[in-house]
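The values are calculated or read from the model by the stated rules, or taken from the named source; none is laboratory data. This one's a predicted model, so the numbers in the text were calculated from it and none came from an experiment. Positions of Cβ are generated from backbone atoms using ideal geometry, with glycine treated the same way; all protein chains shown enter the neighbour counts. Remember, those area values only see protein heavy atoms, side chains included, never the ligands or the DNA or RNA. Shrake-Rupley method; radii C 1.70, N 1.55, O 1.52, S 1.80 Å.
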Protein chains: 4
Amino acid sequence: MINVTIWNEYIWEQQDELVNKIYPNGIHNCIKEFLEKDKELNIATVTMEEKDHGLTEAKLSETNVLIWWGHRAHNEVEDKIVDRVQRRVLEGMGLLILHSAHESKIFSRLIGTNGSIASYRETGEKERIWVCNPAHPIANGLNTYFEIEKEEMYSEPFQIPLPDETVFISWFEGGEVFRSGLCYRRGNGKIFYFRPGHQTFPVYYNSEVQKVISNSVHWANSEINSDSWKDNKIEISFIGILQVLPAVLVLHD
Amino acid sequence: MINVTIWNEYIWEQQDELVNKIYPNGIHNCIKEFLEKDKELNIATVTMEEKDHGLTEAKLSETNVLIWWGHRAHNEVEDKIVDRVQRRVLEGMGLLILHSAHESKIFSRLIGTNGSIASYRETGEKERIWVCNPAHPIANGLNTYFEIEKEEMYSEPFQIPLPDETVFISWFEGGEVFRSGLCYRRGNGKIFYFRPGHQTFPVYYNSEVQKVISNSVHWANSEINSDSWKDNKIEISFIGILQVLPAVLVLHD
Amino acid sequence: MINVTIWNEYIWEQQDELVNKIYPNGIHNCIKEFLEKDKELNIATVTMEEKDHGLTEAKLSETNVLIWWGHRAHNEVEDKIVDRVQRRVLEGMGLLILHSAHESKIFSRLIGTNGSIASYRETGEKERIWVCNPAHPIANGLNTYFEIEKEEMYSEPFQIPLPDETVFISWFEGGEVFRSGLCYRRGNGKIFYFRPGHQTFPVYYNSEVQKVISNSVHWANSEINSDSWKDNKIEISFIGILQVLPAVLVLHD
Amino acid sequence: MINVTIWNEYIWEQQDELVNKIYPNGIHNCIKEFLEKDKELNIATVTMEEKDHGLTEAKLSETNVLIWWGHRAHNEVEDKIVDRVQRRVLEGMGLLILHSAHESKIFSRLIGTNGSIASYRETGEKERIWVCNPAHPIANGLNTYFEIEKEEMYSEPFQIPLPDETVFISWFEGGEVFRSGLCYRRGNGKIFYFRPGHQTFPVYYNSEVQKVISNSVHWANSEINSDSWKDNKIEISFIGILQVLPAVLVLHD
């Protein structure tokens, strides 16, 4: 079983009528619903308003893959929780960063840049998402491209470091492109950024978007889920001339 | 001075009336003409029909940056010339791979895949080229994007290994995207793939295309231009217990 | 089941008394023997002297992971077989490149450089192999480092392009270092270079070397094992102004 | 002229007799002294005890390359100053991270991991630093390796993300290896991590160490030194069906 935790700031759905109509139980519950068809997943949801934003040490330590949706309140996420999530990623927890979370504290923390984009446009235009690497597990079951009829546009330049892999690039009706599916590794943890998912369009009901999220949960799940950098026992046997020196080896923690 | 050699298979211009009208002196001479405004460049042109395709040992050994345009006759390029060009790239010669040369023997040789694309379409549609990294020297002087009014379309997936940098991504009017500006290093040499340049459209007269080619010549030029892997003198001083062993160190060549 | 094919040039073992004593049935059979403990593997061996060096279309098309050991006769491997192996890697076959095969035609073909090393020394010194990424599946079950008591030394600089991952770095008693475990992806295929394995030392009897080879067979095996770049059906729906143009889309093969 | 600012926490030199003997004016002034031979550099020094740790907005905005030495007091560096330095790196300021600053807040911030190492040993053993890429500008003028007679040892695994380039790997007398010269780009800025420089050994008097630091200042200096992601003017011309929609394009800041 893979323990999946879906985090949502859960603001728009409670304040904006249009968003509430599309996602009456919140985006987190919409994602939970389609993921539940996968019997290998054990899924929980948490929201920002909970204590520790729902991300207690206990909750995180049992989470294998964390899904993150945030937009309006990036700055209200407490730094100590960002620290905690980062630590778990380094230990091996997978992390899916969705849509506007390209500017979340946790994504920025892990990539080292601010994840800024050049522009956006919320007219509900067509997005066509191209697969750059059809052999990638995250693209499994997709055609060469898939489409979202109505989406918000994001435009390059996207301020990110060199990704480990570029899985998707989006084409927008209005004339822009965007790197929409990007893999990073940090410590033991795998991170996947996936662009689609604006709150005013029913993007998470799209079957191909669902397939990508499901694939990436499996991809991001790691068998190694503890700090391997720490856990490895180091028993140094000194070599050569150093064998006669007083050994002053210090294990870092 | 940077010695630039422009290589062109030079077939379409001599056989196709339309192409001949656009590039009466060949694509190589069109590129030469606009590069000549740059007084730091010393420019020669060669074509496939010459002995050794114009790429003799002498010519290559004095070339700092080689520009490659080929389309119809990739397979007619002799393997021994491909070997020779590869060797010079490893020594530090820069290489610009233009347009359809994504399937040339030399590009494939250097990247290790076949550089295939999913599809192409020659209807003269609009291409909008987005800058992914505005800080890159090759993007110097460009806006966030530039446009080519009429171009051939290339579509992802583009079968390439992870590039060292992604500088440009193209948007096409018909609905496709393509990674259009890609950097690779091999040995001492720098390689830049730049997509635009179909023979039936006057792409090389576009001032921004010219700017990119000019920028990339400077970027690909390297001060280190010899086989540094070989030139470094190795004087091993054995250490520890090995000091008493008979030294059997062999320098590889 | 994973179909593994072990390729060996199989020359030293037949010509050199010392090597024959260590590997009486050839290095390929030594590797086969320890891999056979893994019941998920279905293992075959082939050698250079066979027709097509044992790498017929039929044999390769059923191989999931190919292991390659060569040293003395790199240049005697026919180019058409190198082409064939490369094509299968692009389709998704995994490839393990062992020891001196850093200079094999097939490795050079896939990485684009010549894979040269600065020097080597065959005195049977101690090699200590450090794990750079303890979270990597190939390092599974290893400590922070492991040792080979007697090995041939290889020295940096190692002329390779930026690897996708650096799993191991070797320390040698005589004072050198070498990147000993490197991952590359090309097309659908995964490639792992693993340094140890000189024919005059019993390296393939070392249990940690065996563990690494076993781990990397599993890592290199891919569920996607056909040319996904080709297999994806492309059904372009033209968009915008192009909808009224005569469609001239050509699928590349 | 390149404006270089050398930052030192400047604690050991004032508190430890041995360190004070080696670096009576502080490590920052030792580095300043040898860099001053280079007439293209305009060099300033600042220390942690100054207001804003010496890194005021004014000072940073005029700095082209910042050199960072810290060890004992990483956690005393104020977060707002780390934010400020990161912002300047994204704008294009170069950054050299020396020795124990692998665990500084600013390095961790930019790479996204904690930069931990497996172990260290302070016995003053020999370090031999191998050049992995002799064509790299930072290795300019070096032989295949150089040595430091007495240094502190650092050991792999080094918890870092995939570097853009690996320039150096260290061999230690006691049996360890370490990736000692690593390049990263973040936004417009270039970052170089260089391992040597323990305060109890006279490492910064070593002429090859000095050469590397000098080379890397030039490498890290960038002509683009402002937020190119922001500065690019975006003038979107809508295309196709979107031409009739009310344009709701928002430029991100």
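Tabulated values for the structure
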read-out: Of all residues in the stretch D:219-244 being open to solvent by 40 Å² or more (accessible area, probe 1.4 Å) and in a helix (DSSP H, G or I), the one that is modelled with the lowest pLDDT; value: D:Val244
read-out: Evaluation of B:Ser207 against (1) open to solvent by 10 Å² or more (accessible area, probe 1.4 Å); (2) more than 26 Å from B:Asn114 (Cβ to Cβ); (3) over 17 Å from the mean Cα position of the chain (by Cα); (4) touching a residue at least 40 places away in the same chain (Cβ under 8 Å) (one fails), failing number; value: (4)
read-out: Hey, C:Lys80 modelled with pLDDT of 95 or more, closer than 25 Å to C:Ile169 by Cα and surrounded by fewer than 23 Cβ atoms within 10 Å (Cβ to Cβ) or not; value: no
read-out: Yes/no for D:Leu95 being at the interface with another protein chain (Cβ under 10 Å from one of its Cβ atoms), within 21 Å of A:Arg109 (Cα to Cα), surrounded by 24 or more Cβ atoms within 10 Å (Cβ to Cβ) and of a type outside the set (S, T, N, Q); value: no
read-out: B:Leu110, sole failed condition from (1) hydrophobic (A, V, I, L, M, F, W, C); (2) more than 10 Å from chain C (Cβ to nearest Cβ); (3) over 14 Å from B:Phe194 (Cβ atoms); value: (2)
read-out: Selection count where residues are closer than 21 Å to D:Gly112 by Cα and not hydrophobic (A, V, I, L, M, F, W, C), scope the stretch A:45-70; value: 5
read-out: Selection count where residues are touching a residue at least 60 places away in the same chain (Cβ under 8 Å) and open to solvent by 10 Å² or more (accessible area, probe 1.4 Å), scope the stretch A:56-67; value: 1
read-out: Qualifying positions in the stretch A:4-47 - part of a strand (DSSP E or B) and open to solvent by 20 Å² or more (accessible area, probe 1.4 Å); value: A:Asn42, A:Ile43, A:Ala44, A:Thr45
read-out: Total residues in the stretch C:147-164, condition away from chain A (no Cβ under 14 Å) and outside any loop (DSSP other than H, G, I, E, B); value: 6
read-out: Members of the stretch A:120-141 that are more than 7 Å from every other protein chain (Cβ to nearest Cβ) and under 20 Å from A:Ile191 (Cβ atoms); value: A:Ile129, A:His136, A:Pro137, A:Ile138, A:Ala139, A:Asn140
read-out: Residue in the stretch C:193-228 that is farthest from C:Val85 (Cα to Cα), counting only those that are acidic (Asp, Glu) and out of contact with any helix residue (DSSP H, G or I) (no Cβ under 7 Å at 6 or more places or on another chain); value: C:Glu208
read-out: Residue that is of a type in the set (Ser, Thr, Tyr) and closer than 26 Å to A:Trp12 by Cα, where the choices are A:Ser119, A:Ser61; value: A:Ser119
read-out: Failed item in (1) touching a helix residue (DSSP H, G or I) at 6+ places or on another chain (Cβ under 8 Å); (2) under 13 Å from D:Asn64 (Cβ atoms); (3) among the polar types (S, T, N, Q), with D:Asn20 passing the rest; value: (2)
read-out: Some residue of the stretch C:71-86 being of a type in the set (Gly, Ala, Ser) and within 26 Å of B:Tyr184 (Cα to Cα); value: no
read-out: Matching residues, the stretch B:158-174, being surrounded by fewer than 24 Cβ atoms within 10 Å (Cβ to Cβ) and without any contact (Cβ under 8 Å) to a residue 40 or more places away in the chain; value: B:Leu162, B:Pro163, B:Asp164, B:Glu165, B:Thr166
read-out: Output for the stretch C:175-193, where each listed residue is open to solvent by 10 Å² or more (accessible area, probe 1.4 Å) and more than 19 Å from B:Phe158 (Cα to Cα); value: C:Arg179
read-out: Subset of the stretch D:107-146 [open to solvent by 10 Å² or more (accessible area, probe 1.4 Å), part of a strand (DSSP E or B) and free of Cβ contacts under 8 Å to residues at least 60 places away in the same chain]; value: D:Tyr120, D:Thr123, D:Lys126, D:Tyr145
read-out: Test: B:Glu156 is closer than 17 Å to A:Tyr145 by Cα and either among the acidic types (Asp, Glu) or out of contact with any strand residue (DSSP E or B) (no Cβ under 8 Å at 6 or more places or on another chain) (or both); value: yes
